[in-house]
Structures are given as structure tokens and as C-alpha cells.
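Colleague: My questions all concern the structure below.
The values are calculated or read from the model by the stated rules, or taken from the named source; none is laboratory data. Computed from a prediction, not measured in an experiment: that's the story for all the values here. No Cβ is skipped: glycine too gets one built from the backbone with ideal geometry, and neighbour counts run over all protein chains shown.
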Amino acid sequence: MGRKPATPMVRLDDGRVVATEWQFTSGAETGWHIHGHDYVIVPLTDGTLLLEEPGDVTREASLKQHVPYARRAGVEHNVVNAGNGDLSFLEVEIIDRKLDGDRLATLSRFLAAWNARNVDALMDCMAEDCVFQSSSGPDADGRRHEGAAAVRAAYEALFDTFPEASWSDGRHMVSGDRGVSEWRFIGRDRAGKAIEVDGCDLFDFEGSRIRAKNSFRKVRSA
Ligand code: NI
């Protein structure tokens, strides 16, 4: 038995918050979705929701007109109007695209700092409580360096290993607290051996700074 879709109408989008009015006839549903942002629901009517949640969980929730509630990003559900009458609420999402922009800027500065061989500038991009998982090492996650002092030492060692090194064709992406940089590494090690290989970093952010850098490189073979 198919349910009718609820109707969303964007009432406000100023780049930091998006306010969407949802209107449900009796039995209408939003469809399954995952919330990518923190959000506040302001009921515009009284009503009863049926919430379908992962793992076949269902529950009912009462909406009281003008009594708001807040939820965090990551909520996954289908929302159904379980009452007999129409129902509507305003969903206010905290988008904070400014933080996305700040994080993208951090990734650009970070790549430039690698090319400038500037360890201070690299550490300016890292949170105090940072982690670096290098692309090679004895463990499944390469080699793990924890804390600013250990990460700084690992970066210095990398410059020491590669007297010539450049990271070109940088491409960056940010989604929520995570980010990706792709690049081509071209360098020469102490023994004079040339290396040219594509790789990427997966990042976790804390504010606009990098909390964790997890590096990967292609393995070249004949
Ligand atoms: Ni929802």
C-alpha cells in the first residue's frame, strides 16, 4: 500500500540555515532519509507522527503546535502523519556552509604548505589533538602518529626522506566533519630514486582544523 508523499516547501535559505515547511495529509510520509545536518522541528499544528526507524523500529510521537524540539545530524527515519487530519511542521536545518568553506580553505593551505616544505604552516592546519596515519608502515592503517609533537616529527621525517617532493593537481572535497584531498606526488628520495604516484588523504575535522589525516598512495608495479 503506497502512501502519499508529504510536501516540502523551502521558506528560507540564507546559506547558514534552511527552513523547510512540510505539509502532510493524513497518512502521508516524507520517505526514508538521513539528516545531514543538525535540525530543529517547529510544529505548526498539533498532530501524531509515526516514525519508522532502522531495524524495523516504529514509534509514535506527539506534536504540539509551537513546541519545538532539536535533533542531531545522522538521524535516519521515515516520518508518517499517523493522525486523521492534516499536519505540518517547519524543519530548520543548521547548514553552516561557512564552516565547509573554512575547511576547504584549510585543505588548500595544507597542500600549499606541503609544497612549501613548511612544517609550521602544516601544523597550523592541524588540531592540537591530531593524528596522522601514513600511507606505508607495519600496520593495517600504515603507521599511526598521535599528538601534535609526533605528527610534526613524522612530517619532518617525510621531508627528510624526500629532498625533492611536490603535490600537484590538488582536488578537495568537504562533507560534514570529513574531507578528501586527491593529489599526484612527484619526488625523489635520498638515494635519488624518482617516484611519481597518485594518492589521497581522508581527513576528519575539528572546527576548521584537521584532527586526523589518513594517507593513501597507489602501489606501482610492472
Ligand atoms: Ni527527518
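Colleague: Every residue in the range 1-34 that is free of Cβ contacts under 8 Å to residues at least 60 places away in the same chain, farther than 12 Å from residue 81 by Cα and part of a loop (DSSP other than H, G, I, E, B), please.
Modeller: The answer is 1, 2, 14, 32.
Colleague: Are any of the residues in the range 86-101 assigned by TED's automatic domain parsing to the domain that holds residue 211 and over 30 Å from residue 22 (Cβ atoms)?
Modeller: Among the residues of the range 86-101, not one is assigned by TED's automatic domain parsing to the domain that holds residue 211 and over 30 Å from residue 22 (Cβ atoms), which makes the answer no.
Colleague: Report those strands (runs of 3 or more DSSP E) wholly inside the range 72-150 carrying at least 3 residues which are within 16 Å of the ligand (Cβ to nearest atom) and among the aliphatic types (A, V, I, L, M). Give the steps one after another, and end with the answer.
Modeller: On the way: elements: 76-81, 87-94, 126-139, 142-146.
Here the list reads 87-94.
Colleague: Among the residues of the range 155-177, write down those that are on the phi < 0 side of the Ramachandran plot and under 25 Å from the mean Cα position of the chain (by Cα).
Modeller: Of all residues in the range 155-177, those on the phi < 0 side of the Ramachandran plot come to 155-168, 170-175, 177.
Hits for the range 155-177 are 155, 167, 168, 170, 171, 172, 173, 174, 175, 177.
Colleague: Take residue 88 and decide whether it is hydroxyl-bearing (Ser, Thr, Tyr) and surrounded by 13 or more Cβ atoms within 10 Å (Cβ to Cβ). Steps first, please.
Modeller: Working: hydroxyl-bearing (Ser, Thr, Tyr): yes; surrounded by 13 or more Cβ atoms within 10 Å (Cβ to Cβ): yes.
Here the answer is yes, as residue 88 does meet what is asked.
Colleague: Taking into account only those residues within the range 32-47 that are of a type outside the set (Val, Ile, Thr) and under 23 Å from the mean Cα position of the chain (by Cα), which is farthest from residue 95 (Cα to Cα)? Step through it out loud before you land on a result.
Modeller: We begin by selecting, within the range 32-47, every residue of a type outside the set (Val, Ile, Thr); these are 32-33, 35-39, 43-44, 46-47.
The next check asks that each one be under 23 Å from the mean Cα position of the chain (by Cα); those that pass are 32-33, 35-39.
Working: 32: 20, 33: 16, 35: 11, 36: 9, 37: 6, 38: 8, 39: 9 Å.
Among those residues, the one meeting the criterion is 32.
Colleague: Within the range 1-60, restricting attention to residues that are of a type in the set (Asp, Glu) and either over 18 Å from residue 73 (Cβ atoms) or touching a helix residue (DSSP H, G or I) at 6+ places or on another chain (Cβ under 9 Å) (or both), which residue is modelled with the lowest pLDDT? Talk me through it step by step, then tell me what you get.
Modeller: Taking the range 1-60 and keeping what is of a type in the set (Asp, Glu), we get 13-14, 21, 29, 38, 46, 52-53, 56, 60.
Next, only the ones that are either over 18 Å from residue 73 (Cβ atoms) or touching a helix residue (DSSP H, G or I) at 6+ places or on another chain (Cβ under 9 Å) (or both) stay: 14, 21, 29, 46, 52, 56, 60.
Numbers: 14: 84, 21: 98, 29: 98, 46: 98, 52: 97, 56: 94, 60: 97.
Checked the range 1-60; the qualifying residue modelled with the lowest pLDDT is 14.
Colleague: Out of (1) outside any strand (DSSP E or B); (2) away from the ligand (no atom under 13 Å from the Cβ), what's the single condition that is false for residue 37?
Modeller: The failed condition is (2).
Colleague: Right, next: State yes or no: is residue 49 surrounded by 13 or more Cβ atoms within 10 Å (Cβ to Cβ), touching a residue at least 12 places away in the same chain (Cβ under 8 Å) and outside the structural domain of residue 24 (by TED's automatic domain parsing)?
Modeller: Values: surrounded by 13 or more Cβ atoms within 10 Å (Cβ to Cβ): yes; touching a residue at least 12 places away in the same chain (Cβ under 8 Å): yes; outside the structural domain of residue 24 (by TED's automatic domain parsing): no.
So residue 49 fails the test.
Colleague: Still on this model: Pick from 111, 107: which is surrounded by 12 or more Cβ atoms within 10 Å (Cβ to Cβ), within 21 Å of residue 161 (Cβ to Cβ) and modelled with pLDDT of 95 or more? Please lay out each step first, then the result.
Modeller: Numbers: 107 fails: within 21 Å of residue 161 (Cβ to Cβ).
On inspection, the qualifying residue turns out to be 111.
Colleague: Continuing with this model, one more query. Out of 65, 23, which single residue is away from the ligand (no atom under 12 Å from the Cβ), buried (at least 16 other Cβ atoms within 10 Å of the Cβ) and not hydrophobic (A, V, I, L, M, F, W, C)? Give the steps one after another, and end with the answer.
Modeller: On the way: 65 fails: buried (at least 16 other Cβ atoms within 10 Å of the Cβ).
None of the other options fit; the residue is 23.
Colleague: Could you figure out which of (1) under 22 Å from the mean Cα position of the chain (by Cα); (2) polar (S, T, N, Q); (3) at pLDDT below 95 isn't true of residue 221?
Modeller: That leaves (1) as the condition not met.
Colleague: Which residue pairs have Cβ atoms closer than 9 Å, lie 6 or more positions apart in sequence or on different chains, and pair a first residue in the range 58-80 that is β-branched (Val, Ile, Thr) with a second residue that is in a loop (DSSP other than H, G, I, E, B) and more than 11 Å from the ligand (Cβ to nearest atom)?
Modeller: As it stands, the answer is 80/3; 80/27; 80/28, since those pairs meet every condition given.
Colleague: While we're on this one: Within the range 101-131, count every residue that is touching a Ser or Thr at 6+ places or on another chain (Cβ under 8 Å) and either of a type in the set (D, E, K, R) or on the phi > 0 side of the Ramachandran plot (or both).
Modeller: Number of matching residues: 2.
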